[in-house]
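Just below is one structure, and these are the notes that go with it.
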Amino acid sequence: MDRVRKRVLVSGLVQGVFFRDTCRRVAEREGVDARATNLPDGRVEVIVEGAPDSVQRVIDWCREGPPQARVQSAEVSDI
């Protein structure tokens, strides 16, 4: 099975709104490995690894976030 690993830097109102916990649950549901970390500049860094389609669904979710979040951008890079 092919695996990909991506880094997503999410900016906007993404800290203090359950972004990391919800991201963890979305990744679990998709069957991928993911780690979300608050950065000092107010962004959240998400590292996600797994099957390409499942990783893409997590990235798509990161562009929206949980209901309380206000995502301004999600920069995706390969790692």
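The values are calculated or read from the model by the stated rules, or taken from the named source; none is laboratory data. The structure displayed is predicted, hence computed values, not measured ones. Quick reminder, even Gly has a Cβ in these numbers, built from the backbone with ideal geometry, and neighbours come from all protein chains shown.
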Residues that are touching a strand residue (DSSP E or B) at 6+ places or on another chain (Cβ under 6 Å) and part of a helix (DSSP H, G or I), drawn from the stretch 11-38: PHE19, ARG20, CYS23, ALA27
Members of the stretch 61-79 found to be among the β-branched types (Val, Ile, Thr) and closer than 14 Å to ALA36 by Cα, listed by number: VAL76
Residue within the stretch 3-19 that is over 22 Å from GLN72 (Cβ atoms) and in contact with a helix residue (DSSP H, G or I) (Cβ under 7 Å, 6 or more places away or on another chain) present: yes
Some residue of the stretch 33-54 being of a type in the set (Lys, Arg) and surrounded by 16 or more Cβ atoms within 10 Å (Cβ to Cβ): yes
Counted residues, the stretch 39-79 - those being outside any loop (DSSP other than H, G, I, E, B), under 12 Å from LYS6 (Cβ atoms) and in contact (Cβ under 8 Å) with a residue 60 or more places away in the chain: 5
Flag for VAL8 being in a strand (DSSP E or B), buried (at least 16 other Cβ atoms within 10 Å of the Cβ) and either at pLDDT below 95 or not acidic (Asp, Glu) (or both): yes
